[in-house]
Every structure is written in C-alpha cells, then in structure tokens.
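Asker: The structure is given below, and queries will be raised subsequently.
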Amino acid sequence: MSGFIKTVTPPAGVEGGEIIIACEGFDASDYRHCRVSFGEEPGQFISASPSRVLVAVPEGKGGSHELTLEGGFFLGHTDFIWGTRLASELHPVANPAIDPESGNIYVTLSGTRGQKVPVSIYEITPEGVVSPFLSDVINPTGLAFDRDGALHVTSRYEGILYRVTPFKEAEIVAEDLGVATGLAFDSRGLAYVGDRSGVIHRVNEIGEARPFASLEASVSAYHLAYSPDGDLYATGPTVSTFDSVYRINALGEVSKFYTGLGRPQGLAFDVDGNCYVAASLRGHRGIIRIAPDGRNAEIVASGANLVGLAFDREGNMIIVSTQRVYRLPLGINGHLMA
C-alpha cells in the first residue's frame with residue numbers, strides 16, 4: 001500500500017454533507033476499486049484525483065467513526081465525527097431550543113403558510129425520545145427560552161409571540177409583529193423578534209413591542225442570536241448569493257459583521273465569541289464558524305439543507321435541517337444566551 005490522507009475538510013458532518021479529503025497518491029484510475037466508508041457505512045464519491053477526493057456523507061446511525069479511503073494500492077484511515085440523527089419527519093425553519101435544566105431539545109413542525117398541523121412543537125430528550133409537546137400555534141418559527149426558563153415561540157402567520165405555560169398552553173405575549181420569525185432574549189429578559197419585512201421588534205416583559213432596528217427584507221426569515229459581547233446578531237437570506245451576518249448594538253445601530261455567505265440562516269455563539277451559522281461558504285453547505293473579529297470564516301461541519309443550530313451543556317452541537325435533527329459531539333462550550 002502507498003499514499004496517505006493529509007486532511008479532511010471539514011472534519012465533521014451529517015448525512016448529505018460533502019467533505020474534501022486531501023491526500024497523496026490516491027489511485028482513481030479504476031472506480032471499481034475505489035471505496036470510501038464511514039465506519040461500516042459506504043459513502044459516495046463525487047469526484048476524485050490523486051490529491052483530492054470529494055465524497056458525500058451517507059445516511060446511517062452516525063457517531064464518531066473512522067473514515068477509510070481505498071483506491072488501487074491506496075489505503076488511508078482518519079477520524080471523522082459523524083452526527084447522530086435524533087429525529088426526522090419534522091419541519092424546523094430556525095434554531096432548535098434547548099431547555100437549560102433538562103437538556104431537552106425543542107423543534108417545530110412548521111408547515112406551509114397558514115397550515116395548522118396537529119403538533120406545532122416536538123420535544124426530544126437527550127436519549128433521543130421524541131414526543132409531541134405543543135399544538136395550536138400556526139406556522140411556529142422562532143424558538144427561545146427566557147431567563148426564567150419559559151419557552152417562547154413566534155408564529156410567522158399570526159405575527160404573534162407566544163409564551164408556553166407549565167401546562168403546555170400557548171399564551172400571547174405580543175401581537176402585530178408582522179411576519180414574526182427570529183427570536184432571541186437579551187440578558188435583561190427583553191425579547192427581540194424579527195419581522196422578515198424589515199423590522200426587528202423589542203418586546204418588554206409586559207408585552208409592549210417597539211421597533212428596535214431595521215434591515216433589508218428577507219425572502220424567508222430573520223434569525224437572531226446574542227453574543228457574549230452583548231450585541232444582537234442577525235441573518236436574513238435575500239436573493240443575493242453573497243449575504244451578510246449583521247451586528248446590532250444596544251442603540252439599534254446596524255453594521256455588517258461578515259459578508260460572503262450563501263443563504264445564511266440560524267446562528268449561535270460559543271463562549272469565546274465565535275459565531276456559528278448554517279450557511280454556504282464558497283459553494284459548500286454546512287455550519288460556518290466566523291472568528292470574533294469577523295475576518296475569518298471556515299466550515300466546521302458539513303450538511304445539506306441545514307437551517308439552524310444550538311449548543312447543549314455537554315458540548316454537543318444540535319443541528320437541524322428542513323426535516324431532521326442531529327447531534328454532533330464537537331466539545332464546544334456554547335454561549336447559552338441565544
């Protein structure tokens with residue numbers, strides 16, 4: 001055997017993602033003798049050359065596995081973190097929310113515009129048990145916990161911010177919020193709701209809503225998260241393929257934090273101030289990490305149709321696509337005020 005694997009970019013991902021294997025001496029002359037596997041699951045070749053192999057992450061049980069690449073006299077092994085699928089047949093359209101006490105994950109079955117689905121929000125335990133949690137919210141979109149541990153949800157159809165009671169009932173907090181999508185809470189307990197037509201509303205504890213900042217209208221939704229530095233960050237995909245992550249200070253002043261992403265959606269932060277965004281970077285879809293100074297970005301996990309993420313207290317990244325929920329054990333200490 002000859003040749004070896006140099007790097008895998010990114011070194012983690014979920015099914016449907018694409019990864020680049022940089023290698024030396026890979027023999028791609030006869031595809032009948034070329035194989036790539038994630039543990040015991042075969043992956044799919046997209047392209048191959050002696051120094052660069054592009055493959056798709058397969059469906060399967062996931063978990064941390066050894067990646068094996070074979071071709072002619074080439075045999076290489078390396079580590080790859082393969083996300084575990086926790087749930088499917090859902091419809092998340094933004095970040096999941098994680099209960100800081102129980103560690104339970106909450107995701108939406110959002111539906112098409114105006115569709116009233118039987119279950120609006122599902123609950124997933126850390127062990128992966130999925131159960132119905134809340135009904136009667138039409139087109140649930142943004143999810144977030146306040147500082148008192150109450151789950152909140154926006155309805156983009158009704159323009160309403162709801163609070164979920166201990167009896168699993170949705171009570172109205174604020175109305176007339178437009179196409180209410182993104183949701184985040186600051187350290188004072190104030191809620192911020194993104195109306196995708198161009199306004200971010202600030203809602204106080206008695207439900208009074210006031211315009212806080214203005215952005216370009218989004219073709220789908222706003223996504224909001226607070227960083228450790230105390231600023232609000234937002235994404236809102238437009239028709240451009242070169243979109244931005246925006247930073248909004250305490251006065252509601254908007255600036256561009258990073259530009260160059262394709263369809264950026266849900267975002268979250270770690271305790272060091274790194275920003276993680278579900279987006280495309282240089283044609284590759286996944287979770288993008290942007291440095292605190294907004295200068296450097298890299299893909300840290302690959303995946304298809306990803307729309308949001310959150311961190312639990314165990315260092316896992318919880319990722320949602322348009323239908324599925326995954327757990328990726330990256331050992332990241334997340335900033336939980338998101």
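The values are calculated or read from the model by the stated rules, or taken from the named source; none is laboratory data. Bear in mind the structure is a predicted one, so any value in this text is a computation, not a measurement. Because the Cβ atoms are built from the backbone with ideal geometry, glycine has one as well, and the counts that use them run over all protein chains shown.
Asker: What are the residues in segment 50-80 that are in contact with a strand residue (DSSP E or B) (Cβ under 9 Å, 6 or more places away or on another chain) and assigned to a loop (DSSP other than H, G, I, E, B), if any? Walk me through how you get there before you give the answer.
Answerer: Of all residues in segment 50-80, those in contact with a strand residue (DSSP E or B) (Cβ under 9 Å, 6 or more places away or on another chain) come to 50-72, 74-80.
Listed by number, the residues that qualify are Pro50, Ser51, Val57, Pro58, Glu59, Gly60, Lys61, Gly62, Gly72.
Asker: Continuing with the same structure: Among the candidates Glu24, Glu70, which residue alone is in contact with a helix residue (DSSP H, G or I) (Cβ under 9 Å, 6 or more places away or on another chain), farther than 29 Å from Thr322 by Cα and either among the charged types (D, E, K, R) or free of Cβ contacts under 8 Å to residues at least 12 places away in the same chain (or both)? Working first, answer last.
Answerer: Values: Glu24 fails: in contact with a helix residue (DSSP H, G or I) (Cβ under 9 Å, 6 or more places away or on another chain).
Being in contact with a helix residue (DSSP H, G or I) (Cβ under 9 Å, 6 or more places away or on another chain), farther than 29 Å from Thr322 by Cα and either among the charged types (D, E, K, R) or free of Cβ contacts under 8 Å to residues at least 12 places away in the same chain (or both) holds for just one of Glu24, Glu70, which is Glu70.
Asker: Test Ile124 against the criterion of being touching a strand residue (DSSP E or B) at 6+ places or on another chain (Cβ under 9 Å), within 21 Å of Leu224 (Cβ to Cβ) and buried (at least 21 other Cβ atoms within 10 Å of the Cβ), and give yes or no. I'd like the intermediate steps shown before the answer.
Answerer: On the way: touching a strand residue (DSSP E or B) at 6+ places or on another chain (Cβ under 9 Å): yes; within 21 Å of Leu224 (Cβ to Cβ): no; buried (at least 21 other Cβ atoms within 10 Å of the Cβ): yes.
No; evaluated as a whole, the condition is false for this residue.
Asker: Sticking with this structure for a sec: How about segment 242-254: which of its residues are assigned to a strand (DSSP E or B) and over 24 Å from Gly334 (Cβ atoms)?
Answerer: Val254
Asker: Which residue, of Gly111, Gly128, is small (Gly, Ala, Ser), over 25 Å from Leu336 (Cβ atoms), part of a loop (DSSP other than H, G, I, E, B) and outside the structural domain of Ile21 (by TED's automatic domain parsing)? Walk me through it before giving the result.
Answerer: On the way: Gly128 fails: over 25 Å from Leu336 (Cβ atoms).
Going through Gly111, Gly128 in turn, the sole match is Gly111.
Asker: List the residue pairs whose Cβ atoms are under 7 Å apart, where the first residue sits in segment 30-49 and is in the same structural domain as Ala12 (by TED's automatic domain parsing) and within 22 Å of Lys61 (Cα to Cα), the second is among the small types (Gly, Ala, Ser) and modelled with pLDDT under 90, and the two are 6 or more positions apart or on different chains.
Answerer: Phe38/Gly60; Glu41/Gly60
Asker: Separate question: Spot the failing condition for Pro237; the list is (1) within 18 Å of the chain's Cα centre (by Cα); (2) buried (at least 24 other Cβ atoms within 10 Å of the Cβ), and only one is missed.
Answerer: So Pro237 meets the others, but not (2).
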